[in-house]
Amino acid sequence: MINGRSMPDDMDPNYAGEYPHQPYNGNPHLHPGEQVLLRIIGQGRWQHPFHEHANHVRILARDGNLILSATDPNSLAGPALFTTTTTPGQAMDGIFYYTGRGLNWDMYGHDSASADGLAKLACTPDKDGYNTGNPTALNYFEWCQDHNKPLQVAPFGDVDGGGPVTLPDPNILTNGAWFGGSPYLGPDATARATGCMPSGAAQSNAPNCGTTGVTPPSGTIANSPGGEAGFAFMWHSHNEREITTNNAFPGGMMMMMLVDSREFAIDESN
């Protein structure tokens, strides 16, 4: 169970009427650089190996006791785990965060030659290499080493080309309801990467759009071209039998962790 529900029920809204005794869903949201606290409790007699995609989890405490350094009692010393093993009878607290560090491409779709100001945002590294000078910037906590690095060899929009990847033609391949139309974070980057701006904008790879612009070849019933464009990472049991419901996949001990662009506020009021 995750918050008392199993997949796909744990993707329904908080306080859904059909789950009166399990009010919360199982989908954590975060902006890049923010931290999510996980509290994992091993119930029953089996071990349930819980795997968090996109990053390791730094363990802070076991059974309510902080894991401290043997040489510095003021420093936390818990391990960074690829999979958190939910041992029966044991509880653990851990911190998860996501920044995009190590992708080796700019997940915001920046292009220094663009006419769009949001595509030309600066990335000034702090001592750890992250853009933390302006907490209100859309690319706050960007990993600056990847700034302006293209992903696509020949993009179809206002994003610089020359990268290592050739993405499939969106007019040929259907990507499903959760795909925003591009690999970039946020609706501005998604629109710039898959469509084009009005005539006169400086774009090296965009088609002629006329004077009004074009709706990007993205967007589905679940995700409009201008709607929220984030990244979704599956969190699930590493015991394959536990990610089914009534022997049907996907189900069971599974959820999605969602990385949101900073254009979108994350409501934590409930």
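The values are calculated or read from the model by the stated rules, or taken from the named source; none is laboratory data. Keep in mind that this is a model prediction, so the values were computed, not measured. Here Cβ is always computed from backbone atoms with ideal geometry, including for glycine, and neighbour counts include all displayed protein chains.
Checking the structure you have, find out if any residue of the range 141-158 is in a loop (DSSP other than H, G, I, E, B) and free of Cβ contacts under 8 Å to residues at least 40 places away in the same chain. The answer is yes, given that some residue of the range 141-158 is in a loop (DSSP other than H, G, I, E, B) and free of Cβ contacts under 8 Å to residues at least 40 places away in the same chain.
From the list T166, T136, exactly one residue is among the hydroxyl-bearing types (S, T, Y), over 17 Å from G186 (Cα atoms) and surrounded by fewer than 18 Cβ atoms within 10 Å (Cβ to Cβ). Which is it? Testing whether each residue is among the hydroxyl-bearing types (S, T, Y), over 17 Å from G186 (Cα atoms) and surrounded by fewer than 18 Cβ atoms within 10 Å (Cβ to Cβ) leaves just T166. Only a single item in (1) at pLDDT below 90; (2) crowded, with 18+ Cβ neighbours inside 10 Å; (3) more than 16 Å from the chain's Cα centre (by Cα); (4) of a type in the set (G, A, S) is not met by G94, and it is number (1). Scanning the range 26-57 for residues that are in a loop (DSSP other than H, G, I, E, B) and either under 17 Å from the mean Cα position of the chain (by Cα) or aliphatic (A, V, I, L, M) (or both) returns G26, N27, P28, H31, P32, G33, E34, H53, A54, N55, H56.
Applying the criterion of being surrounded by 16 or more Cβ atoms within 10 Å (Cβ to Cβ) and hydroxyl-bearing (S, T, Y) to the residues of the range 10-29, the residue that is nearest to M234 (Cα to Cα) is Y24. Within the range 2-20, residues that are aromatic (F, W, Y) have Cβ atoms under 8 Å from residues that are part of a helix (DSSP H, G or I) and surrounded by 14 or more Cβ atoms within 10 Å (Cβ to Cβ) in these pairs: Y19/D9, counting only partners at least 6 apart in sequence or on another chain.
Scanning the range 47-91 for residues being surrounded by 12 or more Cβ atoms within 10 Å (Cβ to Cβ), more than 19 Å from P28 (Cβ to Cβ) and hydroxyl-bearing (S, T, Y) gives a total of 2.
Looking at the range 194-202, can you tell me whether even one residue there is touching a Ser or Thr at 6+ places or on another chain (Cβ under 6 Å), crowded, with 20+ Cβ neighbours inside 10 Å, modelled with pLDDT of 85 or more and not hydrophobic (A, V, I, L, M, F, W, C)? Within the range 194-202 (the criterion being touching a Ser or Thr at 6+ places or on another chain (Cβ under 6 Å), crowded, with 20+ Cβ neighbours inside 10 Å, modelled with pLDDT of 85 or more and not hydrophobic (A, V, I, L, M, F, W, C)), the answer is no, since none of the residues qualifies.
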